[in-house]
1. Skipping prolines and chain starts, which residues have an amide H placed within reach, meaning under 5 Å, of the one on L38, given they are 5 or more residues away or on another chain?
2. How about segment 1-58: which chymotrypsin sites (Phe, Trp or Tyr not before Pro) there lie in a loop by DSSP and see at most 15 other Cβ atoms within 10 Å?
3. On a 0 to 90° scale, report how tilted helix 59-80 is relative to the longest principal axis of the chain, with both axes built from alpha carbons and the result rounded to the nearest 10.
4. Which listed residue (S95, Q80, L51) has the Cα farthest towards the positive end of the charge dipole for segment 5-104, taking +1 on Lys and Arg C-beta and -1 on Asp and Glu C-beta about the Cα centre?
5. Of the options T32, T15, V69, report the single residue whose Cα projects farthest towards the positive end of the charge dipole of segment 5-104 (beta-carbon charges: Lys, Arg +1; Asp, Glu -1).
6. Show me the three semi-axes of the equivalent ellipsoid for segment 5-104, from the C-alpha gyration tensor (sqrt of 5 times each eigenvalue), largest first, rounded to whole Å.
7. Excluding A73 itself, what net charge comes from residues whose Cβ is under 12 Å from its Cβ, given Lys and Arg +1 and Asp and Glu -1?
8. At 222 nm, what value in deg cm²/dmol follows for the chain if DSSP H runs of at least 4 each add -39500 (n - 2.57) and the sum is divided by all its residues, to the nearest 500?
Amino acid sequence: MTSDFYCEEVLSGRTPVSVVMETANVLAFHHTRPYYPLHIVVIPKRHIASLLALTNEDEPLLLELLRVVRQVAAQVQADQGGCRVITNLGKYQDSGHLHFHIGAGEPLR
């Protein structure tokens, strides 16, 4: 797996982001290199390598993370008429930190 852009850049403050929603443990922000016209990323503020790295002890954090994903996706759907919610694993995961993409519109690339 590649480096952890979200811990190294976003959560450290090195790369500024446009925040959509934030809780004590979760951050949702506009993607720094969007693939969709509207592209939001939702991450836990604590490092978790991927969806498969979650443990039973992470269940409260996972529920909070999914609550934010659900709220942001509901707003995007209301505004755009629909959206995608995606998480990637293995060779498709470009950052070694659990994250969900919420995208609307046709891919830009």
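A short reminder: the numbers here are calculations on the coordinates, not readings from a lab. Predicted model, so just to flag it, every value in this text is computed and none were measured. So basically every Cβ, Gly included, is an ideal-geometry build from the backbone, and we count neighbours across all protein chains shown.
1. The list, which skips near neighbours in sequence, is A104.
2. Y35
3. 10 degrees
4. Q80
5. Value: T32.
6. In descending order the semi-axes read 20, 16, 14 Å.
7. Net charge around A73: +2.
8. Per the formula, -7000 deg cm²/dmol.
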